[in-house]
Amino acid sequence: MSQTKNYDFYFKASSVLTKWLPRTGAGLLNETVPAVMSNRFIIRRHFNQDMTRLKKIAHFHKILVIADLNIGDAVNLQASVSALRDFFPDTQIDYLINRSAECLIAGNPEISTLLPVLSGEPFPVDDDFKAIENALYAGQYDVIFNFCPLFKQTLFGRFKERVISVSLMASLIIRNEKSKEEKNHVAYQAHRLVYRLFSALLQPEKKHRFGDVRITLSNSAIEQAETFILENGLNHRRSVVFLNPDTSSGFTRIPLERQISLIRKLADLNRVDTILLGAGHVEKNIEQKILNAVPESLRRKITVVPSSLSIDAYAALIDYCDIYI
């Protein structure tokens, strides 16, 4: 079984396991996954495989970066584009993402062409595979960075020897979970991955320390967020905490009972004025389950952010808050 097939199986199995056996399943995964996927032999193998491919590429005139499926990864993995720009300031670097993230990323000057074509489903659908095939044949890229473990190597057909997969970064992130010294944010690791690989081949034309990823918010998004704040009487609140209870996978979602415990403790703090609670998109009505478990006396502090709020307005609302979870 290839590494990408391993990730595909792991993603699906882990979601099922942690849904039906949340404590036992999480404990089992936390023990077995690091041992299997992040030992030094596996990491070395991934690195050597990527370097072998890069050394065979004659030039880097056209590069495609494929983000993982969800919106957050589309935002965070812009860091890889920034790192690539340090090495290739004049190269065509295209960025293929979840279509719902377009409103947050359009306008990034480091991206040559933004390709907002992925459906945003938790698992790839036929339209996603077709969109990638179309992009590959239209772009004829020299190298492809694929950050989605669910896109198998076979998808890339005759381009598969030009693909740098997520395997190395995934193994490093899993390994780094045990380290208190290593920064392990996805954006940081994506930026570092590019430097780790290309620094062995050439010097960057310009060198920037990792900073932050950018988003672009329209005036309309900011106005929507301001309207929500005013309509809910939040404009004079001193401390606001925003909790997003949902994720695309059950494995990465905080268990419901933990979220309930967390929000009850936050609501009980005098220094917390308001808690914004995001509505569920994948786990429907999760916000209502949390709200129903909070004592009536504490519910007055909680305001649900409806799923109808646009993605960019949601992002603008995060900017208003003191803490986002």
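How long is the gain from residue 236 to residue 185 if the chain were fully straight, where each residue apart is worth 0.36 nm and the alpha carbon distance is subtracted? Present the calculation step by step, with values, prior to reporting the outcome.
Details: separation 51, 0.36 × 51 = 18.36 nm, distance 3.27 nm.
The span from residue 236 to residue 185 would gain 15.1 nm if fully extended.
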Item to check | Net charge, residue 222 excluded, C-beta distance under 13 Å - Lys, Arg +1, Asp, Glu -1 | outcome: -4
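Just the number: Rg to Rh for the stretch 92-242, Cα atoms, Kirkwood Rh, two decimals.
Numbers: Rg = 19.0 Å, Rh = 18.5 Å.
Rg/Rh: 1.03.
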Item to check | Degrees separating the helix 3-20 axis from the principal Cα axis of the chain, which is the longest one | outcome: 20 degrees
Checklist entry - Which angle from 0 to 90°, rounded to the nearest 10, does the C-alpha axis of helix 22-37 make with the longest principal axis of the chain? => result 20 degrees
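Rounded to the nearest 0.05, what FRET efficiency do residue 39 and residue 212 have when you use their Cβ-Cβ distance and R0 = 35 Å? Don't skip to the end; give the middle numbers.
Working: r = 32 Å, r/R0 = 0.91.
Between residue 39 and residue 212 the formula returns 0.65.
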Checklist entry - Under a 5 Å amide H to amide H cut-off, with H placed in plane at 1.01 Å, what residues pair with residue 117 once short-range neighbours are removed? => result 97, 99
Next on the checklist: So if I place +1 on the C-beta of Lys and Arg and -1 on the C-beta of Asp and Glu, and nothing else carries charge, what would the dipole magnitude of the chain be about its Cα centre? I want it in debye, nearest 20.
Outcome noted: 1280 debye
Checklist outcome for this item: All alpha-carbon distances of the chain, grouped into 10 Å bins from 0, give the whole-percent distribution 5, 23, 31, 25, 12, 3, 0
Next on the checklist: Suppose each label sits 7 Å from its Cα in the direction of the beta carbon; what would the residue 205-residue 268 distance come out to in nanometres?
Outcome noted: 5.8 nm
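Just from its helices, what would the mean residue ellipticity at 222 nm be for the chain, if runs of 4 or more DSSP H residues each count -39500 (n - 2.57) and the sum is divided by every residue, rounded to the nearest 500 deg cm²/dmol?
On the way: 14 runs with 153 residues, N = 325.
It lands at -14000 deg cm²/dmol.
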Next on the checklist: How tilted is helix 126-139 with respect to the longest principal axis of the chain? Cα atoms for both, answer in degrees (0 to 90, nearest 10).
Outcome noted: 40 degrees
Checklist entry - Once label points are set 7 Å from the Cα along Cα→Cβ at both residue 289 and residue 158, what is their separation, rounded to one decimal in nm? => result 4.9 nm
Checklist entry - Magnitude of the Cβ-charge dipole of the stretch 126-262, K/R +1 and D/E -1, about the Cα centre, nearest 20 debye? => result 720 debye
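I need the Kirkwood Rh of the stretch 243-325: take the reciprocal of the average 1/r across all distinct C-alpha pairs and report it in angstrom.
Values: mean 1/r = 0.0761 Å⁻¹.
Hydrodynamic radius (Kirkwood, Cα only) of the stretch 243-325 equals 13.1 Å.
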Item to check | Among 154, 113, 91: highest mean-square fluctuation, GNM of the chain, C-alpha pairs under 10 Å | outcome: 154
Next on the checklist: What whole-number distance in Å separates the alpha-carbon centres of the stretch 88-120 and the stretch 190-216?
Outcome noted: 17 Å
Checklist outcome for this item: Checked against the positive end of the charge dipole of the stretch 95-195 (+1 on Cβ of Lys and Arg, -1 on Cβ of Asp and Glu, about the Cα centre), the farthest of 109, 151, 174 is 174
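About its Cα centre, how strong a charge dipole does the stretch 219-324 have in debye, to the nearest 20, once Lys and Arg get +1 and Asp and Glu get -1 at the Cβ? Can you show the working numbers first?
Working: 12 positive and 13 negative charges, 103 e Å.
The calculation lands at about 500 debye.
Computed from the coordinates by the stated procedures, all read-outs in this text should not be read as laboratory data. Quick caveat: nothing in here was measured; it's all calculated off a predicted structure. FYI the Cβ positions are ideal-geometry reconstructions off the backbone, even for glycines, and counts take in every protein chain you see.
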